[in-house]
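Novice: Quick one: the structure is below, questions incoming.
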Amino acid sequence: MDVLSAYLDSLFAAWPRTTQVTELKREMLGTMEEKYEELKQSGRSEHEAIGIVISEFGSIDELMDEMGIQPAGEADLTVSEETVRDYEQAVRRASRFQAIGWLCILIGVAATLFIAGLNDDGGFAHWSDGQAYLFAVIILLLFVVPALGLFIAGRNAKGNYDMLNEEFVLAPGTETYVRRQMEGFAPLRSRSMVIAACLGTLSPVALLIAGMQGEAKTPYGASIMLVLLGGAVFLFVYSGGIQAGYQRLLQLGEYTPEKKEANRVIARIAAIAWPLAFAVFFISGFLYQRWDVNWVVFPLTGVLFAAIGGLYGMQHRARRKV
Amino acid sequence: MISSDVIRGYNDTMILYMLLDGESYGYEISKNIRKLSEEKYVMKETTLYSAFTRLEKNGYISSLHKDGETGKRRTYYRITDSGRAYYQEKCSEWQVTQEVIDKFVREM
């Protein structure tokens, strides 16, 4: 009987899918179907029979209480509207910090390249190469150090919201607010993405044009390319960060309860694996001078992570199906 | 039809009674309760299965899966020794309850 089965499905929708619950549901469906068949044999119409079976079903809460089950919707943690608004502000601030940080780093590298180019052109004729080199490094540090500060500030801004990594529900009405905010942000986001993609694709053109002017001009082209890329990264990081914040609140995309569990596991492995990869990289580089091949550890670690994530996801889905 | 509030404390007793003479399964138990009460009491589905869960947790009944006549898998329940003892206890509790309540009942 599809109607009875659909009725049970709707009542059990909020229940966790454990073996015990599946068994109970199957058993209850059996009982209801038997009752339905007998009612029909005693001359009731299909509609009457279904009506009687459903009216004699009782209250699902009674069963939940007895089995000590909490409906999946009632997670232990409710996030208030105030927290959501604070988090929204924090995410915007953090995304801005991170985006500016990346822009600084790319501009810093661009400036260094530019100085190197100028030096080759004889722009620092009264300086020695060593002095020019020092100048380039100072300029680089002038950009990179504030960038690191911005990254740390960005992390701190978002640091007080660890509870969003756990299971939570939004306070009533708040979900609509978040959805509306996310929709309101969508046009800006898509515009940022288009501009970022254009900047990213156009950036090598600068290098090409500079290259055609002669080999000495290449560093200038490269630095212009990096500045353009910096703009692209800025837009990606800023709008991507805000979007991710909304997804995190709505528990979508990378932030569904299953994904969160997987991400927690992966984060634990990452805390060991990445430092290890760096150690291998530096030891093989400084001690064995194998800079030519040792960079392979990074893509390798990356691939390993994708594999672990995939395996974990597969295993998790399989377990949920049982 | 009796309100289920009044009878709540004795649903378990009724189910145990149905198992005194041998094992049975969900629908059969519910049908027999209805029949025995002369259609005056129908145990709701959720009440029945809550009771099974509770009784089994307390060790008053045990369950086993069997294939029924129609080839469908069914859970059969069987009363345990401590279930029989509990049933006895509830019966004497009802005796006292009935005696007490009777003292407050009169024709108007």
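The values are calculated or read from the model by the stated rules, or taken from the named source; none is laboratory data. The shown structure was predicted, so the numbers you read here are calculated from the model rather than taken from an experiment. Positions of Cβ are backbone-derived with ideal geometry, glycine not excepted, and every protein chain shown enters the neighbour counts. Note: areas computed on protein heavy atoms with side chains; ligands, DNA, RNA excluded. Shrake-Rupley method; radii C 1.70, N 1.55, O 1.52, S 1.80 Å.
Novice: Pick from segment B:54-69 the residues that are open to solvent by 20 Å² or more (accessible area, probe 1.4 Å) and in contact with a Gly (Cβ under 9 Å, 6 or more places away or on another chain): which of them is farthest from B:Val6 (Cα to Cα)?
Specialist: Taking segment B:54-69 as the starting set, the residues that turn out to be open to solvent by 20 Å² or more (accessible area, probe 1.4 Å) are B:54, B:56-60, B:62-67, B:69.
Those left that are additionally in contact with a Gly (Cβ under 9 Å, 6 or more places away or on another chain): B:58-60, B:62.
Details: B:Asn58: 23, B:Gly59: 25, B:Tyr60: 23, B:Ser62: 27 Å.
Of everything passing the filter in segment B:54-69, B:Ser62 is farthest from B:Val6 (Cα to Cα).
Novice: Out of all the residues in segment A:87-100, which are open to solvent by less than 80 Å² (accessible area, probe 1.4 Å) and either of a type in the set (A, V, I, L, M) or more than 17 Å from the chain's Cα centre (by Cα) (or both)? Spell out how you get there, then give the answer.
Specialist: Residues of segment A:87-100 open to solvent by less than 80 Å² (accessible area, probe 1.4 Å): A:87-88, A:90-92, A:94-95, A:97-100.
A:Ala90, A:Val91, A:Ala94, A:Phe97, A:Ala99, A:Ile100 - these are the residues of segment A:87-100 that are open to solvent by less than 80 Å² (accessible area, probe 1.4 Å) and either of a type in the set (A, V, I, L, M) or more than 17 Å from the chain's Cα centre (by Cα) (or both).
Yes/no per residue for (1) in contact with a Phe, Trp or Tyr (Cβ under 6 Å, 6 or more places away or on another chain); (2) modelled with pLDDT of 80 or more; (3) of a type outside the set (Phe, Trp, Tyr):
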site: A:Gly230; (1), (2), (3): no, yes, yes
site: A:Gly240; (1), (2), (3): no, yes, yes
site: A:Leu249; (1), (2), (3): no, yes, yes
site: A:Glu258; (1), (2), (3): no, no, yes
site: A:Ile272; (1), (2), (3): no, no, yes
site: A:Gly285; (1), (2), (3): yes, no, yes
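Novice: Can you give me the number of residues within segment A:1-25 that are β-branched (Val, Ile, Thr), more than 14 Å from chain B (Cβ to nearest Cβ) and out of contact with any helix residue (DSSP H, G or I) (no Cβ under 6 Å at 6 or more places or on another chain)? Explain how you work it out, then say what you get.
Specialist: Initially, segment A:1-25 is screened for residues β-branched (Val, Ile, Thr), giving A:3, A:18-19, A:21-22.
From what is left, the residues that are more than 14 Å from chain B (Cβ to nearest Cβ) are A:3.
Now narrow it down to the ones that are out of contact with any helix residue (DSSP H, G or I) (no Cβ under 6 Å at 6 or more places or on another chain): none.
Looking only at that region, the number is 0.
Novice: On the given criteria, is A:Phe114 touching a Phe, Trp or Tyr at 6+ places or on another chain (Cβ under 8 Å), modelled with pLDDT of 90 or more and buried (at least 17 other Cβ atoms within 10 Å of the Cβ)?
Specialist: Working: touching a Phe, Trp or Tyr at 6+ places or on another chain (Cβ under 8 Å): yes; modelled with pLDDT of 90 or more: no; buried (at least 17 other Cβ atoms within 10 Å of the Cβ): yes.
For A:Phe114, the condition - touching a Phe, Trp or Tyr at 6+ places or on another chain (Cβ under 8 Å), modelled with pLDDT of 90 or more and buried (at least 17 other Cβ atoms within 10 Å of the Cβ) - is not met.
Novice: Can you name every residue in segment A:25-56 that is open to solvent by less than 20 Å² (accessible area, probe 1.4 Å) and in contact (Cβ under 8 Å) with a residue 40 or more places away in the chain?
Specialist: A:Val53
Novice: Another question, if that's okay. Looking at A:Gly245 and the list (1) open to solvent by less than 30 Å² (accessible area, probe 1.4 Å); (2) farther than 30 Å from A:Glu167 by Cβ; (3) not acidic (Asp, Glu), which single condition is not satisfied?
Specialist: Only one criterion is unmet by A:Gly245, namely (2).
Novice: Here is a follow-up. Being over 18 Å from the mean Cα position of the chain (by Cα) and either open to solvent by 80 Å² or more (accessible area, probe 1.4 Å) or within 14 Å of chain A (Cβ to nearest Cβ) (or both), is that true of even one residue in segment B:78-90?
Specialist: Of the residues in segment B:78-90, the ones over 18 Å from the mean Cα position of the chain (by Cα) are none.
Within segment B:78-90, not a single residue is over 18 Å from the mean Cα position of the chain (by Cα) and either open to solvent by 80 Å² or more (accessible area, probe 1.4 Å) or within 14 Å of chain A (Cβ to nearest Cβ) (or both).
Novice: Looking at (1) touching a Ser or Thr at 6+ places or on another chain (Cβ under 7 Å); (2) within 13 Å of chain A (Cβ to nearest Cβ); (3) surrounded by fewer than 18 Cβ atoms within 10 Å (Cβ to Cβ), find the lone condition where B:Lys72 falls short.
Specialist: Every condition holds for B:Lys72 apart from (1).
Novice: Tell me which helices (runs of 4 or more DSSP H) are completely within segment A:26-132 and hold 3 or more residues being within 14 Å of chain B (Cβ to nearest Cβ), or say none if there are none.
Specialist: Values: elements: A:46-55, A:60-67, A:81-120.
Answer list for segment A:26-132: A:46-55, A:60-67.
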